[in-house]
Amino acid sequence: MKIWNRIVSTIYILAGSLFAFFFLAIWAKQDFLFNATAYIEKEKISFGLTGTGIILVGIVWIINWLDHLYKTKVITFDNPDGKIKISLKAIENYINTMLTKQVKDIHSLKVKTSISSKGLNTKISLRIFSHFNIPELCTHIQEVTKNYLQDAIGIERIGNIEIFISRIKSGDAQDNEQDAVGLEPIPDTEEVE
């Protein structure tokens, strides 16, 4: 990120310096504007591509900057030996890893966290296997997530833990996976996709 910031700042410093020089030259010498206008008229494509490139570099920089801000958001709490800071991205990765290990009925998942006045809010988007009681599975996932956040990470204020099931994948989950979760499979009804 530091190298990218230096590249972008160099580009914008050069562009700003050229614009400042251009305006100073117009102010100092009136004929310069007519000459510059004629030159720009001949090189429209070059100036257009250069301007587009500068705008695109700025947009990419803004997107990277916003991503950097998100990745560096942290939860801070005091410890007797000093402050502890944990990034939201690290918490998301931890929850993702632990849920994947503990709850075997999950086909795939994505975790997003945010901080609010209620505490740490967690949104979990799941793709699960069929043949399980979905409310029990979701309750189990919420309990496991809450326990991880409180016990392992040490977060006291936990807000909502929302679960969004984006797909129920039909397929046979292994019997030992059912035992790992402790949930009873529901009888075969119809395939849900």
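What follows draws every value from the coordinates through simple rules; no lab data is involved. In this text, all values refer to a predicted model and were calculated from it rather than measured experimentally. Cβ placement follows ideal geometry from the backbone for every residue including glycine, while neighbour counts extend to all protein chains displayed.
Just a few scattered comments:
- Listed residues Asp78, Asp67, Asp151, most fluctuating in the chain (Gaussian network, C-alpha, under 10 Å): Asp78
- Contour minus Cα-Cα distance for Leu33 and Lys104 (0.36 nm per residue): 18.5 nm
- With Cα atoms, 0 to 90° folded angle of helix 2-28 axis to the chain main axis: 30 degrees
- Choice from Ile165, Ile91, Ile26 with maximal GNM fluctuation in the chain (Cα, 10 Å cutoff): Ile26
- Computed from Cα positions, the angle between helix 44-71 and the longest principal axis of the chain comes to roughly 30 degrees.
- Net charge of Cβ neighbours under 12 Å - reference Glu143; Lys, Arg +1; Asp, Glu -1: -1
- Candidates Thr97, Thr37, Thr139, ranked by Gaussian network fluctuation over the chain, Cα under 10 Å, top entry: Thr37
- Along the axis of the charge dipole computed for segment 2-71 (Cβ charges of +1 for Lys and Arg, -1 for Asp and Glu, origin at the Cα centre), the listed residues Gly48, Tyr12, Ile26 are led at the positive end by Tyr12.
- Computed from Cα positions, the angle between helix 30-42 and the longest principal axis of the chain comes to roughly 60 degrees.
- With a Förster radius of 30 Å applied to the beta-carbon distance between Thr76 and Ala20, the computed FRET efficiency rounds to 0.10.
- 3J(HN,Hα) from dihedral phi, segment 78-85, Karplus parametrisation 6.51/-1.76/1.60, rounded to Hz, x for glycine, proline: 8, 10, x, 8, x, 7, 10, 10
- Count Lys and Arg as plus one, Asp and Glu as minus one, and take only other residues whose Cβ is under 10 Å from that of Ile158; the net charge is then +2.
- Taking a sphere under 10 Å around the Cβ of Ser114 and counting the other residues whose Cβ falls inside, with K and R at +1 and D and E at -1, yields a net charge of +3.
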